[in-house]
1. So which residues in segment 116-136 are open to solvent by less than 80 Å² (accessible area, probe 1.4 Å) and touching a helix residue (DSSP H, G or I) at 6+ places or on another chain (Cβ under 6 Å)?
2. Which is touching a residue at least 24 places away in the same chain (Cβ under 8 Å), within 19 Å of the chain's Cα centre (by Cα) and farther than 27 Å from Lys20 by Cβ, of Leu66, Leu100, Leu60?
3. With the condition being open to solvent by 60 Å² or more (accessible area, probe 1.4 Å) and closer than 24 Å to Lys142 by Cα, I'd like the helices (runs of 4 or more DSSP H) fully within segment 8-114 carrying at least 2 qualifying residues.
4. Can we say Glu140 is in a helix (DSSP H, G or I), of a type in the set (Asp, Glu) and surrounded by 11 or more Cβ atoms within 10 Å (Cβ to Cβ)?
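The values are calculated or read from the model by the stated rules, or taken from the named source; none is laboratory data. What you see is a predicted model, and the numbers here were worked out from it, not measured in a lab. In this analysis, Cβ positions are derived from the backbone assuming ideal geometry, glycine residues included, and neighbour counts consider all displayed protein chains. These accessible areas exclude ligands, DNA and RNA; they are computed on the full protein's heavy atoms, side chains included. Shrake-Rupley method; radii C 1.70, N 1.55, O 1.52, S 1.80 Å.
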Amino acid sequence: MSNGAPGPTPGFLVWRLANKWRVAVDRAVAPLGLTHAQYSLVASLYGMQRDGERPSQRRLADHTGLEALYVSKLARALESAGLIERTRDPRDPRAVQLSLTERGRAVTREAITVVQQLLHQLLEPLGGLDGPRTEAFTDELKTLLDVPLTPGAPHDATAPGDGITQRRAP
């Protein structure tokens, strides 16, 4: 933005980057029959299973940051596609455990490879996946993700607006 005009707000930039990433991942995993949200679920499940865990839908929802009801909907669609199995937890009959099928593991491995290529492209300007700027960027993202956001909570009133506008208020 030239001539001393204020630039985009951090909220706008986070929104733009999140949308850019979602669209890119959606396009990349579509040939595998997945959406970005489904990929997030199966890739997380893949990592959790690799670590010996058989998570419940609730645990997977907490891990991904997705709403439990949405995870349930995604899980049913992935089960219909033959990528995951949903079984009752023997310790808690109200809970549903999720696991990847053999086909689900194969599709997920392929999807992870495709998304890793996108991630390398995205982080190239910061020095790549292992660069110090990427590490600092990751630390900053973790800090922001740890901040609880509560509508109506007190905030600094110096920059009015919803945080999703392109220009700061004068």
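1. Leu118, Leu123, Leu126, Gly127, Leu129, Thr134
2. On the way: Leu66 fails: farther than 27 Å from Lys20 by Cβ; Leu60 fails: farther than 27 Å from Lys20 by Cβ.
Exactly one residue qualifies, and that residue is Leu100.
3. Values: elements: 10-29, 36-50, 57-64, 68-80.
In segment 8-114, the matching helices (runs of 4 or more DSSP H) lie at 10-29, 57-64.
4. On the way: in a helix (DSSP H, G or I): yes; of a type in the set (Asp, Glu): yes; surrounded by 11 or more Cβ atoms within 10 Å (Cβ to Cβ): no.
Taking the combined requirement at face value, the residue does not satisfy it.
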